[in-house]
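Below is one structure, written out as structure tokens; comments come after it.
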Amino acid sequence: MLYRERTLSTQHGSVNTPILFPVRNIGTRSQDNTPEYIGEIPDLPTAMVNARAIRERESQWERLKQGADFRDELGAPDDAIIFADSGGFQFQEGPGAVDTTPAETLRTQEEIDADIYGTVDVPLSEECGPDERKRRIERSTDYALEASDQHSGDSLLFASVHGYDPEVIQNTLKYLDRQGDFDGFALGSLVPIGGQYERVTNIILAARKATDKHLHVYGLGGFLYLPLLLYLGVDSFDSSAFIRSASHRRYLVPGFRGEILRNISELEYLPCGCPVCRDRPLDDVRSDRNLLVQHNLWALTIELRRFRYAAASDRDIESYLRLRYQGNDVTLRAFKTAKQQVRGLA
Ligand SMILES: [Zn+2]
């Protein structure tokens, strides 16, 4: 069994893992803003923010530099646990155009008073050929080591790691672990190949085999992947899927897939007991995007709680997953493959 429960201690408090870091967008387009949720869900005191985006928002960045408290700016409690990634995904817009340095990113993460720092990285995509991939992987590795040299203080440093070949992932992780001083590792570039479950689970397993340290997966903490990540022993993940789903009027139902609300409009109440849905008619939830976002986050939290329940009550997590994925051939196959891959490890 690779699923594992640990405690992650940070300067703003401890959190039980596995844990989701919901993406907390503070982009200029209000459409992307996340409604406040920190403090609403007791076992989800976490947020993922993008260091680059924060630095680019001039007025806020100026306030932070003059001593404003980032948690105040977010409307988050003082003990919110914040993971700041470098914002590497946006570098892809120009060909290899990285517009920051490890030192600058560290300074931003420090100004934010983040608990976990992700190192600067140059993500891969399906389009880059083998030489370009190799170059980007080496670049991300160098950036991570540079950050390790310059990092001090109580924040945790996670090296961002990329690769589409399990062997490359393993070698990179082991190399970083030997050469640098990291509190954990964060796997990136998996979103573009997210539909290829077998490939993704293989890469994650390779990383799990290479280190016992905290393992984060960037970007895949959506509704379909979350149980698979837990099954593979991933310690944390982040996602904005709960926001995107809500924008598409998609309502996540624990144990099922997302449902377009229009398809169930004849219902008076929704099949969920979370604080959003329990006493509100479906029409009210449907007409308020913020409520939908909050419910979707509850749905992800309930998925996490179910795993804890299965583990605490000694229930078989594999039979739960079989049930969980039954209604969807693709994900059922993905789970079965992952199960074989996990067995192959033993
Ligand atoms: Zn609900």
Listed by first then second residue, the pairs whose first member lies in the stretch 283-298 and is at positive phi, whose partner is more than 12 Å from the ligand (Cβ to nearest atom), with beta carbons under 7 Å and at least 6 positions apart or on separate chains, are none
Within the stretch 170-195, residues among the polar types (S, T, N, Q) and modelled with pLDDT under 95 come out as Ser189
Matching residues in the stretch 260-286 (outside any helix (DSSP H, G or I) and at pLDDT 90 or above) number 16
Filtering the stretch 6-53 for residues that are more than 16 Å from the chain's Cα centre (by Cα), at pLDDT 90 or above and of a type in the set (A, V, I, L, M, F, W, C) leaves a count of 1
If we keep only residues of the stretch 63-75 that are touching a residue at least 12 places away in the same chain (Cβ under 8 Å) and not in a helix (DSSP H, G or I), then the residue least open to solvent (accessible area, probe 1.4 Å) is Gly75
Gln60 vs (1) assigned to a helix (DSSP H, G or I); (2) of a type outside the set (D, E, K, R); (3) crowded, with 19+ Cβ neighbours inside 10 Å: all pass except (3)
Of those in the stretch 306-346 that are of a type in the set (D, E, K, R) and not in a helix (DSSP H, G or I), the residue nearest to Leu2 (Cα to Cα) is Asp316
Residue within the stretch 308-315 that is under 26 Å from Phe185 (Cα atoms), touching a Gly at 6+ places or on another chain (Cβ under 7 Å) and touching a residue at least 12 places away in the same chain (Cβ under 8 Å) present: no
Residue set Asn296, Asn290, Asn328; condition open to solvent by 50 Å² or more (accessible area, probe 1.4 Å), closer than 21 Å to Ala246 by Cβ and not acidic (Asp, Glu); output residue Asn290
query = Are any of the residues in the stretch 262-281 of a type in the set (A, V, I, L, M), outside the structural domain of Tyr231 (by TED's automatic domain parsing), buried (at least 18 other Cβ atoms within 10 Å of the Cβ) and away from the ligand (no atom under 11 Å from the Cβ)?
reply = no
Among helices (runs of 4 or more DSSP H) completely within the stretch 141-259, the ones holding 2 or more residues that are open to solvent by 20 Å² or more (accessible area, probe 1.4 Å), more than 24 Å from Phe335 (Cβ to Cβ) and in contact (Cβ under 8 Å) with a residue 12 or more places away in the chain are 166-179
Going through (1) at positive phi; (2) crowded, with 24+ Cβ neighbours inside 10 Å one by one, Asp121 fails only at (1)
Gly221 vs (1) touching an Asp or Glu at 6+ places or on another chain (Cβ under 9 Å); (2) at pLDDT 90 or above: all pass except (2)
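The values are calculated or read from the model by the stated rules, or taken from the named source; none is laboratory data. What you are looking at is a predicted structure, and each value in this text was computed from that prediction instead of being measured. Don't worry about glycine lacking a Cβ; one is built from the backbone with ideal geometry, like all the others, and counts go over all protein chains shown. Quick note on the areas: whole protein, heavy atoms, side chains included, nothing else; ligands and nucleic acids left out. Shrake-Rupley method; radii C 1.70, N 1.55, O 1.52, S 1.80 Å.
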